[in-house]
Amino acid sequence: MKTKRLLLGDEAFALGAINAGLSGAYAYPGTPSTEILEFVQKDPVARERGIHSHWSSNEKTAMEEALGMSFCGKRSMTSMKHVGLNVAADPFVNSAMTGANGGLLVVAADDPSMHSSQNEQDSRFYADFAMIPLLEPSSQQEAYDMAAYGFELSERLAIPVVVRFVTRLSHSRAVVECHDEPAPENSLHYPANPLQWVLMPAMSKRRNRQLIADQESFERASEESPFNKYIEGADHRVGIVASGVAFNYLMECFDGNPPFPVLKISQYPLPKKSLRRLYDSCDSLLVLEEGQPVIERQLRGVFDAGKKIYGKLSGDVVRDGELSPDAVRASILKVRPDVKGLSEGAIHGDSDVVVSRPPALCPGCGHRDVYAALNAALAEYESPKVFGDIGCYTLGFLKPFSAIDTCVDMGASITMAKGASDAGQFPAVAIIGDSTFTHSGMTGLLDAINEDTSMLVIISDNLTTGMTGGQDSQGTGKLEEICLGLGANPAHVRTIDSLPKNVEEMKQLFKEEIEHKGLSVVISRRECIQTARRHAGAKKA
Amino acid sequence: MKTDIVLAGVGGQGILTIATILGAAALKENLFLKQAEVHGMSQRGGDVQSNLRISSSPIHSDLIPLGGADLIVSLEPMEALRYLPYLKESGWIVTNTQPFVNIDNYPEMEKVEAELARHPHVVAFNMDEVAKEVATARSSNLVLLGAASPFIEMDPEKITEAIAAVFGSKGEKIVESNIAAFREGRVRATEKM
Ligand code: SF4
C-alpha cells in the first residue's frame with residue numbers, strides 16, 4: 001500500500017530513510033538541512049523503534065557516529081549543511097577509505113544564493129574528491145525514493161554515498177507517495193574485510209588501489225541508475241545536460257516538452273557513455289546545473305577542444321546565485337534565440353516604492369542587551385575589535401548595533417580574537433553563542449586558556465540553537481563547568497542574565513574583564529524568546 | 001485547474017499557515033502541489049515569501065517563473081509590491097493594507113496605496129481590523145486566505161475543512177474563530193471584485 005503525504009524535500013528523504021530500515025540519524029542543525037533530523041525525532045515509527053536522533057555536537061562527531069553505526073552493519077545517515085561538510089571533511093574523506101558496511105548516507109544540503117550561509121560551495125566537489133558516488137534528487141519524490149536506493153547502493157558497492165540537496169528542494173513541499181510498511185532494520189554484523197577499517201599505511205595503500213579499481217563499478221551504477229535519464233528531442237543543434245533541480249526549471253520552460261535531447265543527471269560519477277551519446281548526436285551542449293560548474297568543468301577539460309559547450313564557465317548561464325526557471329530560460333534564449341515554445345517572462349517591472357527589509361534580532365532578544373552593553377563598554381576605546389561567529393547574534397553586525405567586525409565560520413570568533421590579541425590588538429573581544437561554542441569554540445578556548453591570552457570571550461547563551469529554529473544545544477547547563485574544566489581562571493569566568501535592566505551592570509562587567517590582562521569569559525544568559533514562547537505554550541497544552 | 005500564488009509578508013507574520021491550509025486541502029482533493037519556502041536567517045523580521053503552486057497536472061518547478069503568478073497574496077502592502085514582476089498580466093493582488101513598519105525608511109503610505117491603486121486587479125483592505133472584529137487579532141492571515149479564496153479554483157468548503165484539520169488540535173474555539181475569519185475575508189473580497 002502507498003499513501004500520499006505533503007512533505008518538504010528534507011522530510012521526504014528522512015521518511016524514505018526510516019522506511020528503508022534506518023537505525024541511526026546524526027546531525028548538527030544547519031539551514032537548509034535541519035528538518036531531516038527533526039523529522040526523524042518526531043516520526044512515530046522512528047520513536048517506536050528507538051532510531052537514534054539526538055543532535056550531535058558538530059558535523060564531525062555526527063559523521064563519525066554514523067560511520068561507527070555503519071561499521072556495525074546497520075543503516076545510518078548524517079545530515080548537514082554544505083559548510084558542515086568542511087567540518088566533517090576529515091572523517092568524510094577517510095570514510096571512502098574504510099568503505100561502508102551497513103548502508104551509510106551522507107547528506108549535504110547546499111545553499112546557492114546564500115539564503116542563510118556564508119558561501120556557495122558545491123558538495124559535488126567533495127564526493128568527486130573522496131571518489132565516492134553521489135545522488136542529487138530533483139524532486140521530493142526522488143528524495144524519498146533515493147533513501148532506500150542509496151542505502152542499497154551503499155551496501156552493494158560497500159561505500160558511503162553522498163546525497164546532495166539544495167535549498168529549493170530541502171525547503172519545498174510536494175505530494176510524495178510513500179510506503180506504509182517500513183522495512184526491518186539490519187541486524188548487527190561486522191565488516192567482511194575488517195583490515196580496511198584500520199587506516200594505517202600498509203592497509204590504506206591496499207585499500208586505495210581497491211577504491212581506484214572500484215570507480216568502474218561506481219560509474220556503471222550511474223549508467224544504469226533509474227535517476228539518470230536520456231530523453232530524445234528532435235532539434236539536435238543543442239543537447240542539454242541538466243542535473244538536480246535545474247532539470248525541473250528546464251521542464252518548466254517548455255511545459256515538459258523541450259525540443260532538444262536532454263540528459264538528466266541525478267547520480268554521479270558522471271555516466272560517461274550517456275554523455276558521449278548526447279555529445280555525438282548534437283552540434284553543441286548546454287550544461288544546466290545548480291551550484292558551481294562541476295559537470296561543465298569535467299566536460300570541458302583544460303583544452304576545451306571539441307564541440308561548443310555552453311554553461312557557467314562560458315558565461316551563458318549565471319554563475320552566482322541559484323538557478324530559477326527565469327535564469328534557465330535566459331540561457332536557452334542566449335544559446336538558441338530562435339527557440340519556440342518558451343514561456344513569456346515578466347510583464348510588470350519592479351516597483352520603485354519597495355525598499356529592502358533586512359532581517360533583525362527579534363524584539364526582546366537577549367543578544368540585543370548584550371550588544372547594547374558591549375557597545376557602551378567599548379565606546380571608551382580607540383579601536384576595539386569584536387570577532388563574531390555564526391548564529392542569530394551575527395545580526396549584531398547590522399544597524400542599530402554595528403557591533404561586530406568579523407564573521408567567518410563556526411568557532412572562529414575565539415580563535416581569531418586570540419590571533420588578533422597575539423598581534424597586539426586591544427581590546428580583542430570574541431562573541432559566540434552557546435551552541436556554536438560547543439560545536440567548535442571549546443578547542444579554541446583551550447588554546448587561549450593555555451596561553452592566558454589577553455582577550456574577552458562572551459558566550460551569549462540563549463539555551464538553544466536559535467538561528468535554525470530552536471534545537472537542543474549540547475552545552476545547556478554546563479557552560480561554566482566546561483570553561484572551568486578546560487582550565488579557565490575561576491575569578492574570570494563570570495555569569496550575568498542578559499536582561500534590559502542589567503545592561504549597565506553588564507557594561508561594567510565587560511569593562512572590568514576587558515581591562516584584565518589575561519583571558520576572561522563572560523557568560524551572558526537569557527533563553528531565546530522564540531523557544532521560551534514555545535516552551536510556555538507546551539506547558540499550557 | 002492551475003493556480004500559482006506568491007505568498008508574501010514579513011518573517012513571523014504567519015504566511016506559512018496559509019500554505020499549510022491550502023496544502024492540506026490540495027492533498028485531500030488529490031491535486032498536485034509544490035510550495036517553496038524560506039527558513040533560517042531571513043525569517044528574523046525580514047521579507048519572506050513562499051511560492052505555492054496548485055495544479056491538477058504534475059508541476060515541474062518549485063519556483064514560479066516571472067510573469068507566471070495568478071495571485072500575489074500578501075499580509076503587508078509593501079511586500080505585495082515586491083513581487084510584481086512575478087504577476088501575470090491578468091493576475092490579481094490580494095493584500096492587507098496594514099503596514100508592518102520595522103525599518104526606518106518605510107515608504108510613505110500614500111505612495112504604497114497609489115501604486116496598488118494603479119493596478120487593475122486588486123483586493124486590498126485592512127485585514128487586521130476585520131480579524132479583530134470577527135475573530136482575534138492573530139487571525140489576519142485567515143482573513144487573507146478568505147480574501148484570496150475566490151481566485152483559487154477550490155471549493156471553499158474544502159478549505160474550511162482543511163482549516164478545521166490544521167487547527168483541530170488547538171480546540172473547537174480556535175477552529176471556529178479561524179473559520180469565521182476565513183468566511184469574512186471571502187465575503188469582503190467578493191464585494192470588492
Ligand atoms: S530566534 Fe531567539 S536568539 Fe534568535 S533573534 Fe530571535 S530571540 Fe534572539
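The values are calculated or read from the model by the stated rules, or taken from the named source; none is laboratory data. The structure presented is a predicted model; accordingly, all values stated were derived computationally and were not measured. So basically every Cβ, Gly included, is an ideal-geometry build from the backbone, and we count neighbours across all protein chains shown. Accessible surface areas use protein heavy atoms only, side chains included; no ligands, DNA or RNA. Shrake-Rupley method; radii C 1.70, N 1.55, O 1.52, S 1.80 Å.
If R0 equals 45 Å, the separation of the Cβ atoms of residue A:220 and residue A:446 corresponds to a calculated FRET efficiency of about 0.40.
Classify chain B: rounded, prolate or oblate, from the alpha-carbon gyration tensor (a ≥ b ≥ c, eigenvalue square roots; a/c under 1.5 rounded; otherwise prolate if a/b is larger than b/c)? The partial results should precede the final answer.
On the way: a/c = 1.39, a/b = 1.12, b/c = 1.24.
Taking the square roots of the gyration eigenvalues as a ≥ b ≥ c, chain B is rounded.
The simple spin-label model puts a point 7 Å past each Cα toward its Cβ; for residue A:304 and residue B:193 those points are separated by 5.5 nm. Using a Förster distance of 60 angstrom, determine the FRET efficiency expected from the C-beta separation of residue A:179 and residue B:104, and round it to 0.05. Computed FRET efficiency for residue A:179 and residue B:104: 0.65. If the segment from residue B:90 to residue B:136 were pulled out straight at 0.36 nm per residue, it would be longer than the present Cα-Cα gap by 13.2 nm.
If the chain linking residue B:32 and residue B:111 were pulled fully straight, counting 0.36 nm for each residue of separation and taking away their Cα-Cα distance, it would gain 24.6 nm.
Counting partner chain Cβ atoms within 10 Å of every residue's Cβ in A:333-344, what's the average? The partial results should precede the final answer.
Values: counts 0, 0, 0, 0, 0, 0, 0, 0, 0, 1, 4, 6.
Across A:333-344, the average partner-chain Cβ count within 10 Å equals 1.
Ordering of A:195-202, B:139-146, A:292-299 by packing is B:139-146, A:292-299, A:195-202, highest average first (other Cβ atoms within 10 Å, averaged per residue).
Full extension of the segment from residue A:333 to residue A:497, taken as 0.36 nm per residue of separation minus the current Cα-Cα distance, would add 53.2 nm.
How big is the B-A contact in terms of buried accessible area, both chains counted, 1.4 Å probe, rounded to the nearest 100 Å²? Can you show the working numbers first?
Working: alone 9630 and 23640 Å², together 29120 Å².
The buried area between B and A, both sides summed, comes to about 4100 Å².
Considering only A:258, A:328, A:270, the residue lying farthest towards the positive end of the dipole of the stretch A:229-335 is A:270, judged by Cα position with unit charges set on Cβ. Can you give the angle from 0 to 90° between the axis of helix A:244-253 and the longest principal axis of chain A, with both taken from C-alpha atoms, to the nearest 10? That helix lies at roughly 60 degrees to the long axis. With a ≥ b ≥ c the root eigenvalues of the C-alpha gyration tensor of the stretch A:133-247, is it rounded (a/c under 1.5), prolate (a/b larger than b/c) or oblate? Taking the square roots of the gyration eigenvalues as a ≥ b ≥ c, the stretch A:133-247 is oblate. Taken residue by residue and averaged, Cβ atoms of other chains lying within 10 Å of the Cβ of A:165-174 number 6. Computed over chain B, relative contact order equals 21 percent, with contacts defined as Cα pairs under 8 Å that lie 6+ residues apart.
With a 10 Å cut-off around each Cβ of B:80-88, the average count of Cβ atoms from other chains is 5.
I need the peptides B:168-177, A:507-516 ranked by packing, meaning the mean over residues of other C-beta atoms within 10 angstrom, with the highest value on top. Show your work: numbers first, answer last.
On the way: B:168-177: 13.0, A:507-516: 18.4.
Final packing ranking: A:507-516, B:168-177.
With all protein chains present, how much of the accessible area of the stretch B:64-193 (probe radius 1.4 Å) comes from carbon and sulfur, to the nearest whole percent? Its accessible area is 49 percent carbon and sulfur atoms.
Add +1 for every Lys or Arg and -1 for every Asp or Glu among the other residues with Cβ under 12 Å from the Cβ of residue A:163, and state the total. It works out to a net charge of -3.
Buried on complex formation within the stretch A:306-326 (loss of at least 20 square angstrom of accessible surface versus the isolated chain, 1.4 Å probe, ligands and nucleic acids ignored): A:325, A:326. Apolar share of the accessible surface for chain A: 53 percent from carbon plus sulfur atoms, 1.4 Å probe. The label point for residue A:535 and the one for residue A:3, both projected 7 Å from the Cα toward the Cβ, are 3.3 nm apart.
Remark: spin-label model distance residue A:197-residue A:49 equals 2.1 nm, labels positioned 7 Å along the Cα→Cβ axis. When each of the peptides A:216-222, B:106-112, A:60-66 is scored by the mean number of other C-beta atoms lying within 10 Å of its residues, the order from highest to lowest reads A:60-66, A:216-222, B:106-112. Prolate is the label for the stretch B:1-111. Its Cα gyration tensor axes, ordered a ≥ b ≥ c, give a/c of at least 1.5 and a/b above b/c.
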